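> Here it is, the structure in full.
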């Protein structure tokens, strides 16, 4: 939909298509599965200091310019985006053009509180959301195959119910930022393994056996998220299915992809 690194006119190319609040940093269109986040240097005067942190997370300051920020409205939409099936799309204002540059799709792994001045200069508590790029999940698996292999080894010894427990979202405020990031990656892997083990070698779209065996000698299926355009990043196990490559392509690119995806969604709900 939006290309990372490209510039867009916020009003014409985002809100005209999807609606949502045209002012402020958080836009939550009600009829579409997106939460749009906007950031820029102009927010520094109001305590908004967004950007990459040394822990590899993108820190995004919540909404609300006066008084303490709370988990409501746009802030709650960020925290609950996975549960609600919403994609977080981050954009940054370009000073010279007034356009916004797409920084990529993100996932919220948690948040912490910080003390910053409000727009009147008074100290207040703000919420700082910890975001990780969706693509970094795939990159981490490629860069740390041993970590992924260890999780897969453990999962082989676990019943499906335990894998399901490990794939479900956890409380975001109970651990450090480093642990929350680690939990996010691990949950992504458990979610993938849960969908594959539940399918047991049979495509959950067409009901046919996997078309071939992978290099490990196991049935090859791909994990698909029925609520989002992308498949990266964790979600609730209810919303993921294991598909053969043909059904997976159909869900994303088929002429009847929307109807097919709705059918897959119904199957997910039926499984609970």
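Throughout, read-outs are computed from the coordinates displayed, never taken from laboratory work. Not measured: the values here are computed from a predicted model. Neighbour counts are summed over all protein chains in view; Cβ atoms, including those assigned to glycine, are modelled from backbone coordinates with ideal geometry.
> Please report the antiparallel percentage of the DSSP beta bridges confined to the chain, to the nearest 5.
Just about 85 percent of them are antiparallel.
> OK, next. Output the 0 to 90 degree angle, nearest 10, between the alpha-carbon long axis of helix 177-199 and the longest principal axis computed from the alpha carbons of the chain.
Helix 177-199 and the main axis of the chain meet at about 30 degrees.
> For the chain, what is the mean residue ellipticity at 222 nm derived from helices alone (per DSSP H run of n ≥ 4: -39500 (n - 2.57); sum divided by total residues; nearest 500 deg cm²/dmol)?
My calculation for the chain gives -9500 deg cm²/dmol from helical runs alone.
> Expected output is a single nm value to one decimal: the length gained when fully extending between residue 54 and residue 125, i.e. 0.36 nm times separation in residues minus the C-alpha distance. What is it?
That pair, residue 54 and residue 125, stretches by 23.4 nm at full extension.
> Let me ask another. Could you work out which residue, out of 121, 20, 64, moves most in a Gaussian network model of the chain, that is, has the largest mean-square fluctuation with Cα springs under 10 Å?
Result: 121 has the largest fluctuation of those listed.
> Kindly put 14, 3 in sequence by how many other C-beta atoms sit within 10 Å of each C-beta, fewest to most.
3, 14
> Among 166, 101, which comes first, second and so on when ranked by fewest other beta-carbon atoms within 10 Å?
101, 166
> Something else now. Compute the Cα gyration tensor for the range 7-133, then decide on rounded, prolate or oblate, letting a ≥ b ≥ c be the square roots of its eigenvalues: rounded whenever a/c is under 1.5, prolate when a/b is larger than b/c in the other cases, and oblate in all that remain.
Since a/c stays below 1.5, the shape of the range 7-133 is classed as rounded.
> Right, something else. Give me 249, 188, 30 sorted ascending by neighbouring Cβ count inside 10 Å, so fewest comes first.
The most exposed by this proxy come first: 30, 249, 188.
> Further question: How high is the relative contact order of the chain? Use alpha-carbon pairs under 8 Å, at least six apart in sequence, and give a whole percent.
Reported as a whole number, the value is 15 percent.
> Compute the angle between helix 145-156 and the longest alpha-carbon principal axis of the chain, please, reported from 0 to 90 degrees and rounded to the nearest 10.
60
> To continue, here is another question. What nm distance separates the two modelled labels at residue 149 and residue 66, each placed 7 Å from Cα along Cα→Cβ?
With each label placed 7 Å out from Cα toward Cβ, I get 5.9 nm.
> Note the angle between two axes, namely the Cα long axis of helix 257-271 and the longest principal axis of the Cα atoms of the chain, as a number of degrees from 0 to 90, rounded to the nearest 10.
Tilt of helix 257-271: around 80 degrees.
> With the chain treated as a Gaussian network of Cα nodes joined by springs under 10 Å, which of 18, 212, 36 yields the largest mean-square fluctuation?
212
> Can you give the FRET efficiency to the nearest 0.05 for residue 162 and residue 214, using r as the Cβ-Cβ distance and R₀ = 22 Å?
The value I calculate is 0.40.
> By average Cβ neighbour count within 10 Å, what is the ranking of 50-60, 76-86 from highest down?
Highest-to-lowest ranking by the protection proxy: 76-86, 50-60.
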